[in-house]
Structure formats: C-alpha cells, structure tokens
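The values are calculated or read from the model by the stated rules, or taken from the named source; none is laboratory data. Note that the coordinates shown come from a computational prediction; the quantities given were computed from them, not determined experimentally. Because the Cβ atoms are built from the backbone with ideal geometry, glycine has one as well, and the counts that use them run over all protein chains shown. Each accessible area value is taken on the protein alone, full model and side chains, heavy atoms only, with ligands, DNA and RNA left out. Shrake-Rupley method; radii C 1.70, N 1.55, O 1.52, S 1.80 Å.
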Amino acid sequence: MFSLEQISKHYGEVVALDDVTLGFGVGTVSAIVGSSGSGKSTLLRLLLGLQWPDHGRIRVEGQLLERSIRLAIRRRIGYVIQEGGLFPHLTVRDNLALLPRHLGWSRERIDARAHELAALMELPESVLRRYPTELSGGQQQRVALMRALMTDPPALLMDEPLGALDPLVRAELQERLQQLFVSLRKTVLLVTHDLGEAAFLASRIVLIHDGRVAQDGSAADLYQRPADEFVRRFVAAQRIRPAGAP
Ligand code: ADP
Ligand code: MG
C-alpha cells in the first residue's frame, strides 16, 4: 500500500527523517513508535502528500506520489490526528459530510453512512446533531475516526489518536479499534509513543529514533532482541511486558 525509499526530510537544521526505507503491505496494521520529536508525524504527513521529502521517493498503491496526484491519493487515505481536528462551528453530522459533499454524495447517502458509522463506533445517533464541544474527548475521537472512514478509504493513518484521553476511556477505545482493525481489513499506520498500545493494536512495530528506524519487528522482537542500546532503554522505560514474555 505504501513504500518509502530512502526518504530524508529536513526542517532547516533539524533532520526529521534520515534515509528511511519502509514498506507497508495492503491490509497490515503497523505501529510507528518513538519519542517526541523522532519524526513520526512527519512520516505520516509525507505519505499524505501534506509535506514533501528532500530526498527519496514515496509510492502509494504503486503510484509515485507527486503533486499532481496528491488530492486523488488523499481521498484513498483516512487521517486522524490527536486533537481530532473537528471543526467546532459545524455539527458532527456536518463535519462528517465535508468530504463526501465535496465528492458529490447525496444528502441521503451521507446520512445513511453517518448512521452506519455511529453504530459501528457505538455512539448514539443524537451525537450527530451536536457540536464537537458538546462531546467528551473519547466521543470526539470516535467522531474523528468516523470522519476518516466516511468514504471507506483502503488506508487509515492515525497520529496519536488516543494520546489526549484518560486511561479508562483510552482502554475502551483501544478495544474498539482492535475490533475495527480486524473487521475492516484496512491498511493501518498508527503513531503512538506507547509501546503497550502499539503491541496491543499492531502486529508490527517500527521504532523511530532521531529520524531513523531503530528497529522494525514484532513486540516480542523489541522486548527479547532489542537491536541496540536505545531500543533496550526505550523498552525498559515503558515498564511493561508483552503477554508471554519471560
Ligand atoms: P514526532 O511526531 O515524532 O514528535 P515530528 O515528525 O513532529 O516528530 O518532528 C520531527 C522533528 O522535526 C522535530 O524536531 C520537530 O521539532 C521538527 N519539525 C516538525 N515539523 C516541523 C515544521 N513544520 N517546522 C520546523 N520543524 C519541524
Ligand atoms: Mg507527532
């Protein structure tokens, strides 16, 4: 679904990504993990064509990502950010309707899809008539996910979608996401700095450190066979063990 070939991205003196080569197959669920400032969000933004690399090439569904096809590609990818990114002056329903309306969907089709997704996210239909500020943080993130899913894109990129939630709400949404990832069969890239969350939701973990891939493997690989001292320290700092670890 996605491939990055020798991608580098600088912001002035800052090296956000440094010679990163990665591939993400169709239907796979991967977590991008790393400390704050390691380059995780930059990686997602490059895949969406929201920013451009200084070096290297990106392919989406086999197509070279270029400015001319950026908008077409963005419609193939749902994107969820930490704060949800909902427009406060629009109701939930109108937030959900933005892209579909732009694509020429009828009102009936938009409402049918909104109701379908509300059921999928276990939200009451009354939520559709409310404004984002009238929702809890967990509900806002469910709506942000609904918005990303409206047009049923084959891929879903999520940038710390649960980062701002309290532990219980977060655990609930983790469960919901886990079920969704299994049932929807989309290509998912989930950015998180929480290794436990990554291990719970993704079969593959890509650990980024200072813009480079420090390790790429399963949770068990990171815990039992850390590639270097940084990985060992990152794992130890999380103070958890994956199920079945010695
Ligand atoms: P992460 O998501 O892992 O926290 P980012 O990809 O946001 O990391 O950022 C990687 C590095 O690039 C950081 O040092 C950050 O400060 C810098 N950076 C990110 N976006 C910009 C920008 N628009 N302008 C300048 N520096 C940026
Ligand atoms: Mg980030």
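Here the condition is being over 30 Å from Asp111 (Cβ atoms), modelled with pLDDT of 90 or more, away from ligand 1 (no atom under 16 Å from the Cβ) and open to solvent by less than 50 Å² (accessible area, probe 1.4 Å); of Ala171, Ala155, Ala198, it holds for Ala171 alone.
State whether one or more residues within the stretch 202-216 are over 20 Å from Gly27 (Cβ atoms), part of a loop (DSSP other than H, G, I, E, B), of a type outside the set (A, V, I, L, M, F, W, C) and open to solvent by less than 20 Å² (accessible area, probe 1.4 Å). For the stretch 202-216, residues over 20 Å from Gly27 (Cβ atoms), part of a loop (DSSP other than H, G, I, E, B), of a type outside the set (A, V, I, L, M, F, W, C) and open to solvent by less than 20 Å² (accessible area, probe 1.4 Å): present.
Among the criteria (1) at pLDDT 95 or above; (2) farther than 28 Å from Ala72 by Cα, the one Arg204 does not fulfil is (2).
I'm trying to understand the selection: among the residues of the stretch 32-75, which are away from ligand 2 (no atom under 16 Å from the Cβ) and of a type in the set (Val, Ile, Thr)?
Ile58, Val60, Ile69, Ile73
Exactly one residue out of Arg147, Arg170, Arg101 is farther than 23 Å from Arg76 by Cβ and in a helix (DSSP H, G or I): that is Arg170. Restricting attention to the stretch 173-191, the residues that are assigned to a loop (DSSP other than H, G, I, E, B) and more than 13 Å from the chain's Cα centre (by Cα) add up to 1. Residues in the stretch 82-138 that are open to solvent by less than 40 Å² (accessible area, probe 1.4 Å), within 30 Å of Ser36 (Cβ to Cβ) and among the polar types (S, T, N, Q): Asn95 alone.
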